[in-house]
Protein chains: 2
Amino acid sequence: MALSELQNRLANAIRGLAIDGVEAAKSGHPGMPMGMADVATVLFTRFMKFDAAAPHWPDRDRFILSAGHGSMLLYSILYLTGAPGMTVDELKRFRQLGSKTPGHPENFHTAGVETTTGPLGQGIATAVGFAFAEKMLAARHGKDVVDHYTYVIASDGDLMEGISQEAIALAGHYRLNKLIVMWDHNGISIDGPLSLSDSVDQVKRFESAGWHAVNVDGHDQDAVAAAIESARKSDAPTLIACKTTIGFGSPHRAGTSKAHGEPLGQEEAALTKANLGIEGAPFEVPADILKAWREAGSRGVSARKQWEGRFGALAEDLQAEFTRRMAGERPAGLGEAILAHKKALAAAPAAMATRKSSELALNAIVGIMPELVLGSADLTPSNNTKAKGLVEISPQDFGGRYIHWGIREHGMAAAMNGISLHGGFVPAGGTFFAFTDYCRPAIRLGALMGTSPVYVMTHDSIGLGEDGPTHQPVEHLAAMRAIPNVRTFRPCDAIETAECWQLALERRSGPTILVLTRQNLPLLREATADNPCAQGAYEIAAPVGGKAEVTLFASGSEVEIAMNARAILNQRGLPTRVVSVPSLELFIGQSDEVKARIIGDAPVKVAVEAAVRFGWDAIIGPEGGFVGMSGFGASAPIKDLYNHFGITPEAVAETALRRHNG
Amino acid sequence: MALSELQNRLANAIRGLAIDGVEAAKSGHPGMPMGMADVATVLFTRFMKFDAAAPHWPDRDRFILSAGHGSMLLYSILYLTGAPGMTVDELKRFRQLGSKTPGHPENFHTAGVETTTGPLGQGIATAVGFAFAEKMLAARHGKDVVDHYTYVIASDGDLMEGISQEAIALAGHYRLNKLIVMWDHNGISIDGPLSLSDSVDQVKRFESAGWHAVNVDGHDQDAVAAAIESARKSDAPTLIACKTTIGFGSPHRAGTSKAHGEPLGQEEAALTKANLGIEGAPFEVPADILKAWREAGSRGVSARKQWEGRFGALAEDLQAEFTRRMAGERPAGLGEAILAHKKALAAAPAAMATRKSSELALNAIVGIMPELVLGSADLTPSNNTKAKGLVEISPQDFGGRYIHWGIREHGMAAAMNGISLHGGFVPAGGTFFAFTDYCRPAIRLGALMGTSPVYVMTHDSIGLGEDGPTHQPVEHLAAMRAIPNVRTFRPCDAIETAECWQLALERRSGPTILVLTRQNLPLLREATADNPCAQGAYEIAAPVGGKAEVTLFASGSEVEIAMNARAILNQRGLPTRVVSVPSLELFIGQSDEVKARIIGDAPVKVAVEAAVRFGWDAIIGPEGGFVGMSGFGASAPIKDLYNHFGITPEAVAETALRRHNG
C-alpha cells in the first residue's frame, strides 16, 4: 500500500467513525472531524508523544480540542489508539446519558480528554495554561522530567471569540514555543460562509502577537507534517493555518454549513463512504487500519519507559515532591501555618483591609506551599497578590512564582484552569471583584471540571468608593453563589481571611472566589483552633441578657456594621446575636440540623450585605429584613456611600426594631 | 502667540484641570488626561463636529472615552467647551456624591458623555455600535441628515481586553470607516511597564483586521491632525497609534505607573505646573485660553444650523419618523399587532418551541417597527432571529435589518448598547442562553446605562439535550435576575412569548433577556386582551374542587410540567393552582399586596424550574419545595435528562404530597 493510501485510510477511519457516531446519536457535528481527519492523523500517528494505555503519564504531550463540538474526532482517535475505556460501544452511545462520549469532550468523564471544551475560545485559552505549566514545571524539575508539547485544534469560531486574543497575546509575550495550534480554517460558520461576518487575516494577526504562523493545505498530510516539524523548532508559539473542507468527502454537504451540526443522513452517509472508499458496517474499522492506529497508540511506550527510568533515577525526595505536586496533594503543615498566623494576628489586633489580610495570609503560606503560583490581571498593587519573596516569571525565566497576566481577566481565568489541569501547581490570580463578569465563562468551566484555582477578588462592594458603579459589585456575590461547585468566601476580618485561604487551598474539586475589601476592617475574631468558616456561617457574637430576640446575618465588611447594630439593640433591651456568613452557598448546603442551629429561632432576622438581596431569602425568608443595595452604586467617598445607601448600624437596628415591634 | 504655543496652552488647560480635579478629590487618574491632552486638543479644536450647547444634536460627531478612568480629560473638555451644566464647581466636586463628574464617565449623569465607560474594552466595542448605527441610519435617511464620525480614545488596557478583538474584527469586516480610534500608547500599566505582560504589535494587529493604521507622536499636534485627516479619507476604520507619555509634564512621575491612578500630590503638582508653564490658582484657566476653547465649543453651530435647515426641508412625515426613532418612541400599533397575533395563535393551537414562537412574534412585529434590527452571534438557524423578509446588512449595504455578528457574543452585546445609545434603532440579538456569560459585562453596563437591547437567548436549559453541560444553563437565570435593571423573561408558550416580546419592545430603560426553549411546548394560555406577564407572575390555572391546598410556581418549559402535576394532585384530591412566573425578579418587585394575592395562601408551595433554586426562596420561602437542578446537566436526549434529574410531573406531585402530609 502506498504511503499516501495508508494516510488516507487512517484518516478515513476517523471520518467513518465520526459519521457513524453522529448517525447513531441522530445529532452531533460530523463536519469538523471529517475536515480535520488528515491533520489529526498526522499529529497522532507521527508526532504526539503519548502512550494511549497510560493517559496520566505526566510528560505526555497534551492534545486539546478547542473546537469541542468536533468531539467525535477525539473519541474516534481515543478508540483507534486504544485509550482505556473507549470501546466501540461507547462510540455507539455518543451523546447518550452516562456514556464516555458526551456531546462535548468532558475530561472528568473520559480518560484521554485533557480539558472540557465546547464554549468557543476556552480550549485555546486553557491550552495557554497547559503550556505555561509545562514551562514552569520544566524550570523546576528539569527537561529530563518535563518536556512536552501542547497541541490544539481550534476552529474559525475559536479565533473569533475575544478570549482568543488574550490567549494568543499571552502565549506570544511569554514565548510559549511548545504551544502549537492547528487552526481548522474551513471558512464555514453556522450562518453560512465565514465571509458573512469575518475578514481577519489570522496569520498576520498571530504574527502581530509574536507567533510563528504558517499556511498549509489541511488535506496534504506531508505538508501538515512539515509544518509541525517547523513549529517544533520555533522559539515562538506556532499557528498552523490548515485550509480544510468541512465535511470532507460528502458529495452534497462538503464545504457547506449543512455539514456542521447535524447528521449527514443515511443516504448522504452512504454516498460519502462510497466516495471516500470506506467499506464495512457502521463502526467497523478494517483490521489493518485498526492495527496501524493501535501501533500509533503505543508509539510512546518506549518514551514513557525512558522517562520512568530518568524519573526513577532522581533522588527519592525529588520524586516524592514531584509526585505530590502532580497529584495535587497539599503540603503538610498548611493548617499549622494558618493557625500560627491567626494567633499572631490575635496577639496584635489591627484594623486592615481584607485584601491586606490576604497578603499577610499569603506571606504565611507561600514558604510551605511552593506549588502555589500567584498573579494578577494588572492590579498587583490593588489585589495585594504579590506575597513576600515571590519572583516574577518572565519569557526568559519560568522559575518564578508570580505571573503578570496583563489586563486579561478572562485569559487569566482560562489559563489558571489549564495550569490546574496540567498538574504541578495551584494557581491564584487577582482582579477587581466586579470583573468576575469578564472571567465568568472560565470560572464556570472550572466549576464543571473541578479545577481548583483561587480568585483573589478585591474591591468587593461600594466600599471601593470613588471609582463608582462600573467598578462596584452589587450583584456579583449572588451571581457567583449561583454557579454550582464554585465556593465564594467573603471574610469579615484578618482571621476569617486566613481561614478562607486555608479552605481555598485545601479545596481540590472546584474554584474558590475570595471576595475582599479595599477598606479597613477591625479584627472581630479570636484565633480559634477550629475553622468555623468551613460550614459557611457561624455565630460570631452571642446574645447578651437573655434569649435572642434578633439575629443579624452579615458577610465581610458588613459584619462590623452588624456588630455595631447589635450594640445598639442590646442597649435598647433586645438581646441580639450576630451570625457571620463568609460563604452563603456553603452554608445553604449544610444539613437542616446545622442550619437550624446556626440560624436559631430569634423572632426577628435581618441580613446585612452591601449587595442585592437575591439569595438571602434562603436564610432569612421572604419576611426577613434586609439592609443592602437594591440597585447600582455611585461614585463618592466610601463613608458617603454607606450613608447614602443606608447601610449603617442605625439602619440595621431600626430595621430589626420595626420588625420586632410590628 | 505662535500657533504651537497656543496649541500647548490649550492642551495645558486640560492638564491643569485634570491635576486639580484629582488633587481636590484626593483620588483619581491624572496620568491619562495629561498624556492625551494634545491628542484631545487637536480632536476637539480642529475636527469634532459638535455644538457644546446642543449635546443632543442628532448628527454630532460622537466621542467615546474608552479609557474611562481618564474621565478628567472629558470633564475638562466639557467645561472648556461650555457643555451645559459642566461648571467649574462640578470639576471641583470630581468623584463626589451627586456630582456631574463621577469617577468614570456616566452618560446618564452628564450631558456630553455619550456612553458609560470604565470596564476596559467596553468603550471601543460600544463605539462599534455607534458607527454601525450611523451607517444604518445614513442608509435610511441619507447623508444630508446622517453623516458623522465616531471618535474613540482607547488605552493599552482597552486593547488587551479580548472584547477589543471582537470589536475591531467587526469594524474591519463591515468597513466602518467613520470609526477612528486614537490609541493612547503610553506603554505603562498598573503593574509597571507594559512590556511586563505585552508585546503585541497593535498596528499590525489592526491591519490584520482590515483597519487603516498609522503611528504618530501623540505630543506632535500637527502630526496628530494629519493622521486624523488621513483617517477621515480612509475607506476602512482607522487606528491612530499615539505614542504618548503618561503624566506628561510631571518631573518625577511622567512615564511611570505612579502617574496612573493617584494624585500627584501638592508638591509634584506644583512642580508639574511650573514645568508646563501653567499659572494661576487651581481650576483657573487663562481668559484667552478659555475663550479659545469656548470658540471651539461653538465651532459646530453653523454646521448644526445648516443641518437643521436640511432636516427642516424634508417632508414632514420623514421628519416626524426620524424624530420618533431618535427619541426612542415606539411605533403606534405594537400592542394591537401583538394582540392580533395572540388571537391567531389561540385560534390554531400548536405545540412549538418558544424560540419558534419568538420568530412568529417577530414576524408579526417587524412590519410595523422598522427601527427593530435583528441579528445573531452566528446562531441564526438556532435562535430563529431572522424574521420574515429581513434583509442582511453587508459592508456594501447598510439598508438591511439583519446583522451577522459572527461568533462574538460579547462584541454583539456591547455594539447593541452602542446602537441603542446612538438612537434610531432598537437592536435585538441572539445566542445560546448559556453564553449570557460571555455577554455579561456588556449586559451589566447596559443595565447601568438604561440601554434597551433585547437578547434572544435560546436553548435555555437541560432541554437543549445532547450538547451537554457546557451548553446547558442551570445558574444563568439566577445570574441574570440578580443584575439590577435587567429584565429576564422565560415564557411558557407562544402567547406568553408574544407578551414578553411586547414588554421587551415597550421597555426603554434597560435590557431585556428573552429565555427560550429548543423543545416544543404546548399552548397553555388563552389570548387575553391584557398582558399578565407585565407583573412577572400570575395564576395560569385555578384550583379545582375547593380552596387551594397546593400552589405550584414555574417558568418556561416547566409550566407544562406543573400543569401535569396539578392534574395528578387534583386526582389525589388536593386542589392545586399553578402560577406562571415568566419574570421572577419583576414579580419580586411588585407591591406586597400584589405578591400576596398571587402567591396565595395554600399551605404547600412548590417551585419547578430546570435550574438552580437560588432566588426562588423569595417566593416559596426556605420551607417551600423545589424541583429543579442542584448541579450541572449532562449530555443526553432531552427526555432522558428530565427523567434523570427528576424534573417530572410525578416528582413535583410527590414533593407537594410529601409536604402536605408532613
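Per the conditions (1) of a type in the set (Gly, Ala, Ser); (2) touching a strand residue (DSSP E or B) at 6+ places or on another chain (Cβ under 9 Å); (3) surrounded by fewer than 21 Cβ atoms within 10 Å (Cβ to Cβ), the sole criterion not satisfied by A:GLY367 is (2).
In the range B:47-105, what residues are among the polar types (S, T, N, Q) and either surrounded by fewer than 24 Cβ atoms within 10 Å (Cβ to Cβ) or more than 23 Å from the chain's Cα centre (by Cα) (or both)? Please lay out each step first, then the result.
To start, the set of residues in the range B:47-105 that are among the polar types (S, T, N, Q) comprises B:66, B:71, B:76, B:81, B:87, B:96, B:99, B:101.
Within the range B:47-105, B:SER76, B:THR81, B:THR87, B:GLN96, B:SER99 qualify.
Give me the pairs: first residue in the range A:195-211 and more than 12 Å from B:GLN165 (Cα to Cα) and facing chain B (nearest Cβ under 7 Å), second residue among the aromatic types (Phe, Trp, Tyr) and in a helix (DSSP H, G or I), beta-carbon distance under 9 Å, and six or more apart or on different chains, which are they? Once the first residue is more than 12 Å from B:GLN165 (Cα to Cα) and facing chain B (nearest Cβ under 7 Å) and sits in the range A:195-211, its partners that are among the aromatic types (Phe, Trp, Tyr) and in a helix (DSSP H, G or I) give A:SER208/B:PHE206.
Checked against (1) within 11 Å of another protein chain (Cβ to nearest Cβ); (2) outside any loop (DSSP other than H, G, I, E, B); (3) in contact with a helix residue (DSSP H, G or I) (Cβ under 7 Å, 6 or more places away or on another chain); (4) of a type outside the set (Ser, Thr, Tyr), B:LEU477 meets all criteria but (3). Residues in the range B:110-137 that are free of Cβ contacts under 8 Å to residues at least 60 places away in the same chain and more than 12 Å from chain A (Cβ to nearest Cβ) were compared, and the one that is surrounded by the most Cβ atoms within 10 Å (Cβ to Cβ) is B:VAL113. Quick one: what pairs do we get from the range B:602-615, first residue more than 21 Å from B:MET563 (Cβ to Cβ), second of a type in the set (Val, Ile, Thr), C-beta under 6 Å, 6+ apart or different chains? Listed pairs, sorted by first residue: B:VAL612/B:VAL474.
Of all the criteria given as (1) small (Gly, Ala, Ser); (2) in a loop (DSSP other than H, G, I, E, B); (3) more than 14 Å from chain B (Cβ to nearest Cβ), the one not satisfied by A:ALA504 is (2). I'd like the full set of residues that are closer than 27 Å to A:LEU464 by Cα and touching a residue at least 40 places away in the same chain (Cβ under 8 Å), limited to the range A:379-403. Matches in the range A:379-403: A:LEU379, A:THR380, A:SER382, A:ASN383, A:ASN384, A:THR385, A:ILE403. Candidates in the range A:235-254 are the residues that are more than 28 Å from the chain's Cα centre (by Cα) and surrounded by fewer than 19 Cβ atoms within 10 Å (Cβ to Cβ); of these, the one that is farthest from A:GLU23 (Cα to Cα) is A:LYS243.
Do any helices (runs of 4 or more DSSP H) lying entirely in the range A:51-152 carry at least 3 residues that are farther than 23 Å from A:MET36 by Cβ, and which ones are they?
Values: elements: A:71-81, A:88-92, A:122-141.
Those helices (runs of 4 or more DSSP H) span A:122-141.
Here A:VAL391 fits the description: within 14 Å of chain B (Cβ to nearest Cβ), over 19 Å from the mean Cα position of the chain (by Cα) and surrounded by fewer than 24 Cβ atoms within 10 Å (Cβ to Cβ).
Just the residues that are within 8 Å of chain A (Cβ to nearest Cβ) and in a loop (DSSP other than H, G, I, E, B), please, taken from the range B:630-661. B:SER630, B:GLY631, B:PHE632, B:ALA634, B:SER635, B:ALA636, B:PRO637 - these are the residues of the range B:630-661 that are within 8 Å of chain A (Cβ to nearest Cβ) and in a loop (DSSP other than H, G, I, E, B). Only one of the numbered conditions (1) of a type outside the set (D, E, K, R); (2) more than 14 Å from every other protein chain (Cβ to nearest Cβ); (3) out of contact with any strand residue (DSSP E or B) (no Cβ under 6 Å at 6 or more places or on another chain) is not met by A:VAL39, and that is (3). The lone criterion from (1) touching a Gly at 6+ places or on another chain (Cβ under 8 Å); (2) closer than 18 Å to A:GLU558 by Cα left unmet by A:SER630 is number (1).
On the stretch given as the range B:616-646, residues that are under 24 Å from A:GLY28 (Cβ atoms) and either without any contact (Cβ under 8 Å) to a residue 12 or more places away in the chain or surrounded by 19 or more Cβ atoms within 10 Å (Cβ to Cβ) (or both) total 13.
Taking the criterion of being within 30 Å of the chain's Cα centre (by Cα), more than 22 Å from B:THR517 (Cβ to Cβ) and in a helix (DSSP H, G or I), the residues of the range B:321-357 that qualify are B:GLU321, B:PHE322, B:THR323, B:ARG324, B:ARG325, B:MET326, B:ALA327, B:LEU334, B:GLY335, B:GLU336, B:ALA337, B:LEU339.
Does B:PRO251 fit the bill of being away from every other protein chain (no Cβ under 12 Å), over 30 Å from B:LEU91 (Cβ atoms) and not aliphatic (A, V, I, L, M)?
no
In the range B:450-464, the residues that are more than 15 Å from B:TYR642 (Cα to Cα) reach residues that are aromatic (Phe, Trp, Tyr) with C-beta atoms within less than 6 angstrom, at least six apart or across chains, in these pairs: B:MET457/B:PHE433.
Just for the range B:480-501: of the residues that are closer than 15 Å to B:ARG440 by Cβ and in a loop (DSSP other than H, G, I, E, B), which one is farthest from the other protein chains (Cβ to nearest Cβ)?
Taking the range B:480-501 first, the residues closer than 15 Å to B:ARG440 by Cβ are B:480-486, B:488.
Within this subset, residues satisfying the condition of being in a loop (DSSP other than H, G, I, E, B) are B:482-486.
Working: B:ALA482: 4, B:ILE483: 5, B:PRO484: 5, B:ASN485: 7, B:VAL486: 9 Å.
Selected residue: B:VAL486.
Computed from the coordinates by the stated procedures, all read-outs in this text should not be read as laboratory data. Computed from a predicted structure; not experimentally measured. Cβ coordinates were reconstructed from backbone atoms using ideal geometry, including for glycine residues, and neighbour counts include every protein chain displayed.
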